[in-house]
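Scroll down for the structure; my scribbles are underneath it.
The values are calculated or read from the model by the stated rules, or taken from the named source; none is laboratory data. Values in this document were obtained by computation on a predicted structure and should not be read as measured data. So basically every Cβ, Gly included, is an ideal-geometry build from the backbone, and we count neighbours across all protein chains shown. We work out accessible area using only protein heavy atoms, side chains counted, and drop any ligands, DNA or RNA first. Shrake-Rupley method; radii C 1.70, N 1.55, O 1.52, S 1.80 Å.
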Amino acid sequence: MFLKKDSLLLGIILGIIAPFIGLYIFYLLKARSSAFLDFMQQVLYYKSLFTSAISLSLIANAIVFTIYVNTDKDKTARGVFISTCLYGIFGLLVNYVF
């Protein structure tokens with residue numbers, strides 16, 4: 001099966017996709033009554049909401065990382081960790097530079 005494979009590329013791909021799923025869950029919890037595009041405009045407009053959205057969406061990466069570490073898929077876990085670090089750096093840059 002695809003998810004049982006242990007590779008760095010798989011980890012990076014999962015690490016890129018998981019925060020978007022986490023962001024969608026954040027949308028469902030925070031602003032279900034508004035349209036998703038309206039929610040995304042608000043997230044991009046308000047810096048504090050953007051930072052919160054990135055932080056909470058990275059929890060999805062933490063879950064994926066934990067699953068792969070506990071199943072001894074170290075290469076995949078490393079890829080998820082790399083993606084998480086890149087997302088974190090992006091969030092810090094947006095928060096403090098822009």
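D74 exposes around 90 Å² of accessible area when a 1.4 Å probe is run over every protein chain in place. Taking every protein chain into account, the 1.4 Å probe leaves I21 with about 100 Å² of accessible area, to the nearest ten. In this Cβ point-charge picture (+1 for Lys and Arg, -1 for Asp and Glu), the chain has a dipole of about 60 debye about its Cα centre. The distance linking region 19-33 with region 35-56 is 10 Å (Cα centroid to Cα centroid, whole angstrom).
Membrane-span-like helices in the chain (whole DSSP H runs, Cα extent of at least 24 Å along the helix axis, mean Kyte-Doolittle hydropathy of at least 1.6): 8-30. Taking 7 Å steps out from each Cα toward its Cβ at N95 and L9 produces label points 3.3 nm apart.
Accessible surface area normalised per residue over the chain is 68 Å², counting heavy atoms of protein chains with a 1.4 Å rolling probe.
Across region 38-98, C-alpha contacts under 8 Å between residues 6 or more apart give a mean separation that, scaled by the residue count, equals a relative contact order of 33 percent.
Model label sites at T66 and S52, defined 7 Å from Cα along the beta-carbon direction, differ in position by 2.2 nm.
Using helices alone, what [θ] at 222 nm do you get for the chain, with -39,500 (n - 2.57) per DSSP H run of 4 or more residues, divided over all residues and rounded to the nearest 500? So the calculated ellipticity at 222 nm is -28000 deg cm²/dmol. Loop-located chymotrypsin sites (Phe, Trp or Tyr not before Pro) in region 1-91 (DSSP state not H, G, I, E or B) with no more than 12 neighbouring Cβ atoms inside 10 Å: Y46.
Report the number of Lys pairs in the chain whose alpha-carbons are under 13 Å apart, with separation of 8 or more residues or on distinct chains.
Values: K4/K73; K4/K75; K5/K73; K5/K75.
Count of close lysine pairs: 4.
Using a simple spin-label model with pseudo-atoms 7 Å out from Cα toward Cβ, A35 and D74 lie 5.0 nm apart.
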